[in-house]
1. Select from the stretch 363-401 the residues that are among the charged types (D, E, K, R) and in contact with a helix residue (DSSP H, G or I) (Cβ under 9 Å, 6 or more places away or on another chain) and list them in ascending order.
2. Please give the helices (runs of 4 or more DSSP H) falling wholly within the stretch 183-282 in which 3 or more residues are touching a Gly at 6+ places or on another chain (Cβ under 7 Å) and at pLDDT below 90.
3. Right, Leu263: in contact with a helix residue (DSSP H, G or I) (Cβ under 7 Å, 6 or more places away or on another chain), free of Cβ contacts under 8 Å to residues at least 40 places away in the same chain, crowded, with 20+ Cβ neighbours inside 10 Å and of a type outside the set (Asp, Glu) or not?
4. Run down Ala91, Ala25, Ala7, Ala12 and say which single residue is surrounded by fewer than 22 Cβ atoms within 10 Å (Cβ to Cβ), at negative phi, of a type outside the set (Phe, Trp, Tyr) and modelled with pLDDT of 90 or more.
5. Kindly list, by first and then second residue, each pair from a residue in the stretch 173-187 that is at positive phi and of a type in the set (Lys, Arg) to a residue that is surrounded by fewer than 10 Cβ atoms within 10 Å (Cβ to Cβ) and at pLDDT 90 or above, limited to pairs with Cβ atoms under 9 Å and residues at least 6 apart or on different chains.
6. Would you confirm whether or not the stretch 158-179 contains a residue that is hydrophobic (A, V, I, L, M, F, W, C) and not in a helix (DSSP H, G or I)?
7. Could you check, for the stretch 297-311, whether at least one of its residues is assigned to a loop (DSSP other than H, G, I, E, B) and surrounded by fewer than 24 Cβ atoms within 10 Å (Cβ to Cβ)?
8. Tell me, yes or no, whether the stretch 224-247 has at least one residue that is farther than 23 Å from Thr56 by Cα and either in contact (Cβ under 8 Å) with a residue 12 or more places away in the chain or basic (Lys, Arg) (or both).
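The values are calculated or read from the model by the stated rules, or taken from the named source; none is laboratory data. Model, not experiment: these values are computed from the prediction. Note that we place each Cβ from the backbone using ideal geometry, even for glycine, and neighbour counts take in every protein chain shown.
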Amino acid sequence: MSKGKEARGKPAATLGRVQGVALYAGAVLGSGVLVIPAVAAELAGPASLVAWGAMTLLTLPLALTMSLLSSRFPGGGGVSTFIGKAFGPAASAVVGWTFLLAVPLGAPLAALVGGAYATAAFGLPPGARPSLAVLILLLVLASSYRGVGTVGRLQVAVVVGIVAVLLLAIAAAVPDVEAGRFVPFAPHGAVGVGQAAAILFWSFIGWEAVGHLSGEFGRPGRDLVPAVLWAALLVGLLYLGTAVAVVGTGTYGGERTEAALALVIREGLGPAAGWLAGVLAILCTVAPANAYVGGAANLARSLAESGLAPRWLGASHPSRGTPVGALASLGLAFVPALALLGAGVFSVRDLLALPTAGFVATYALGAAAGVRLAGGRAARRLALVALAASLLVYPFLGWAALYPALTGSAGLLAWRLGRRRRSTGDTFPAPCTDERRQACPG
């Protein structure tokens, strides 16, 4: 048991390889699996299957780079930790706040998307969508409050459920798959495949989130890389299988695109099985939210301990050791996002690009750190490919590409304030390190 964990009244790290696979897979397998296979098929036709295979391979260096660095530098800071080692504390603050400020937007958005899909699948009135979204967010906040063991167990259960429902949907679609649905193979040419690939990149965002939980693994050096490899294989096969089911049954185009997977399930198993799509929607929302909220809370505490965030974000539960200050702050931050979206001030589409931009920027900076900190030639090549992939996608973000500059400025301001006040002896916020843990409030 590490000294820091003892000081927090925290039990020994409880996450292992199985939980690692579930956390990585769950962070990536979000609500996008419900609609993106159909969106990609609409853009590229059957050739979207090529885009799925290509993006699975292209994002693997991203996943491996994140896991390699997390295994070498485990801790709640995640990406910000090894960026700090590569480029200094200012860069650490920039990327830490960029990731942290993306979650209060991203988690409510994902919860509302999943809630909308589940509401339609269960035949509930539209007014039930916000309630489902709130329940999902409360569930993941409660999971993180109870501790990393609960986070890991919940994630394993949720991912097992996702895999079971997706495999059932794919199997149910097999009798309805027709060879003629794959001809013409590329009706929109290479341009369509490229457009589909750009959309599919968003389906593979999530590899960076688990890094903030790397300090909770008993053997991060041995478990994180195998976990990400197994998760990448699982995610790639499930995405590809779902895409084959959607394309092979012709369940895309027009209004069918928005409910493609639900239609596949209903056509394969009958109308009564439509509720499975609702279950899948909730599971696919809980899984990434569980990983991101837990990771963001650990990151916020790490930033506070490093003097890069207000001290109250570093408050831990006296017996559980969970980051209660950060969790309470995240819960409060979810409220305005839910309110604005619920009131129709902004649409999901309007805001979705903002957290996405934050996560892609985190990828790019993390990959750049991987190039600098690489332990060998192979690791450096992986990081270079990951960096190139992130930079290639970044221009497609449009105006949202400016959002990380805004959130990064908040991190830079926090770093400058912390440095200035430490130089004058007025620590704001005081670094709540393991050595002075007892002097910290909360």
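1. Within the stretch 363-401, Arg372, Arg380, Arg381 qualify.
2. Because the criterion is at least 3 residues that are touching a Gly at 6+ places or on another chain (Cβ under 7 Å) and at pLDDT below 90, the helices (runs of 4 or more DSSP H) in the stretch 183-282 that meet it are 260-269.
3. Criteria met by Leu263.
4. Selected residue: Ala91, the only one of Ala91, Ala25, Ala7, Ala12 that is surrounded by fewer than 22 Cβ atoms within 10 Å (Cβ to Cβ), at negative phi, of a type outside the set (Phe, Trp, Tyr) and modelled with pLDDT of 90 or more.
5. Hits for this filter: zero, empty list.
6. So far as the stretch 158-179 goes, yes, one or more of its residues are hydrophobic (A, V, I, L, M, F, W, C) and not in a helix (DSSP H, G or I).
7. Yes, that holds for at least one residue.
8. No, the stretch 224-247 contains no residue that is farther than 23 Å from Thr56 by Cα and either in contact (Cβ under 8 Å) with a residue 12 or more places away in the chain or basic (Lys, Arg) (or both).
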